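One structure is given here, and the rest of the page talks about it.
The values are calculated or read from the model by the stated rules, or taken from the named source; none is laboratory data. Because the structure is predicted, anything quoted here is derived from the model rather than measured. Every residue, glycine among them, receives a Cβ derived from its backbone with ideal geometry; neighbour counts consider all protein chains shown. Areas reflect the complete protein model, heavy atoms only, side chains present, ligands, DNA and RNA absent. Shrake-Rupley method; radii C 1.70, N 1.55, O 1.52, S 1.80 Å.
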Amino acid sequence: MLNGPKYGYQLKREAGLIMGQALHNNLVYPTLRRFLEEGWVSKKAVPGDRGQTRQQYVLSAEGRRYLFERLSEFSDTDASSDEAFHLRVGLFAALKPEIRETILARRKDRLQNRDQHLATLQANLELGKFGGEIVRHMRKQVEMDLDWVRHLRRITKTMDDRRSS
């Protein structure tokens, strides 16, 4: 919807890709109805390929403002959520550089806190063989996520440098 009108099916598919999960019609279409009522989205009927009428949805100016306002908010709870972080990264190209940096900094802080907590568990508790395996695995995941945050910073810096030159 950010780059033009879309059919409900297209929106469902694209949102599912961004969120990393298939979305059910019972979630997508009631949400679209709510967005229509709020004035964030408009729709129009267009002829389909087989003579049917299809609905196309487009983000309104108010909807765009609301979307970017919400995406720009990134609380500690959001920083702990893979889904909230992935959603924003999926839309990084549309966010302002300072918003992207805030998101990356908060995510990095949250990951470092998680790693410190896991390190404390390792050092102070008798975790047993499998408990120890779980904590080692979780710490490896945190390190991979921290590497990805560093990578995203490089990408956004390169993107911003190209835009400013």
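With +1 on the Cβ of every Lys and Arg and -1 on the Cβ of every Asp and Glu, and nothing else charged, how large is the dipole of region 123-165 about its Cα centre, in debye rounded to the nearest 20? Could the numbers behind the result be given before it?
Details: 10 positive and 7 negative charges, 48 e Å.
Taking the Cα centre of region 123-165 as origin, the dipole is about 220 debye.
Tell me the mean residue ellipticity at 222 nm calculated for the chain from its helices only (DSSP H runs of n ≥ 4, each -39500 (n - 2.57), averaged over every residue, nearest 500). Write down the numbers at each step before the final one.
Numbers: 7 runs with 117 residues, N = 165.
It comes out at -23500 deg cm²/dmol, rounded to the nearest 500.
Give me the accessible area of S75, 1.4 Å probe, in Å² rounded to the nearest 10.
So the heavy atoms of S75 present about 50 Å² to solvent.
Explain nothing, just the number: dipole magnitude of region 1-106 about its Cα centre with +1 on each Lys and Arg Cβ and -1 on each Asp and Glu Cβ, in debye rounded to the nearest 20. Intermediate values should be presented prior to the final figure.
Details: 16 positive and 13 negative charges, 124 e Å.
Roughly 600 debye for region 1-106.
In debye to the nearest 20, how big a dipole does region 80-165 give about its Cα centre with +1 on each Lys and Arg Cβ and -1 on each Asp and Glu Cβ? Working shown, then result.
Numbers: 18 positive and 13 negative charges, 61 e Å.
Dipole of region 80-165, to the nearest 20 debye: 300 debye.
For the chain, modelled as a Gaussian network with Cα springs under 10 Å, which listed residue fluctuates most, L121, L146, L104?
Of the options given, L121 has the highest mean-square fluctuation.
Averaged per residue, what accessible surface does the chain expose to a 1.4 Å probe, in Å²? Can you show the working numbers first?
Details: 11050 Å² over 165 residues.
With the other protein chains kept in place, the chain gives 67 Å² per residue.
Under the Kirkwood approximation for Rh and a Cα-based Rg, what ratio Rg/Rh is obtained for region 51-107?
Details: Rg = 14.4 Å, Rh = 12.7 Å.
Result: Rg/Rh = 1.14.
Ordering M159, M138, M144 by accessible area with a probe of 1.4 Å, largest first, what comes out?
So the residues, ranked largest to smallest area, are M144, M138, M159.
Report the gain in length on full extension from N25 to H137: 0.36 nm times residue separation, minus Cα-Cα distance, nm rounded to one decimal.
Details: separation 112, 0.36 × 112 = 40.32 nm, distance 3.54 nm.
My answer for the length gained is 36.8 nm.
Just how much of F35 is accessible, in Å², when a 1.4 Å probe is used and the result is rounded to the nearest 10?
For F35, solvent-accessible area is about 60 Å².
Of G132, A79, V28, which is farthest towards the positive pole of the chain's charge dipole, taken about the Cα centre with +1 and -1 on the beta-carbons of Lys, Arg and Asp, Glu respectively?
V28
Which order do D76, D49, D147, D115 take when ranked by solvent-accessible area (1.4 Å probe, heavy atoms of all protein chains), largest first? Don't jump to the answer; show the numbers that get you there.
On the way: D76 115, D49 150, D147 75, D115 40 Å².
Listed by decreasing accessible area, they come as D49, D76, D147, D115.
What accessible surface, in Å², does a 1.4 Å probe find on V46, ignoring ligands, DNA and RNA and rounding to the nearest 10?
20 Å²
Build a GNM of the chain with springs between Cα atoms under 10 Å: which of K108, K129, K12 gets the top mean-square fluctuation?
Answer for the Gaussian network model of the chain: K129.
Over the chain, with every protein chain in place, what whole percent of the accessible area is carbon and sulfur at 1.4 Å, could you tell me? All intermediate terms of the calculation are to be shown ahead of the outcome.
Numbers: 5770 of 11050 Å².
Solvent-exposed carbon and sulfur of the chain make up 52 percent of the total.
Just the Cα atoms of region 65-142, one point each, no solvent: what log10 I(q)/I(0) does Debye give at q = 0.11 Å⁻¹?
Calculated log10 I(q)/I(0) at the listed q: -0.38.
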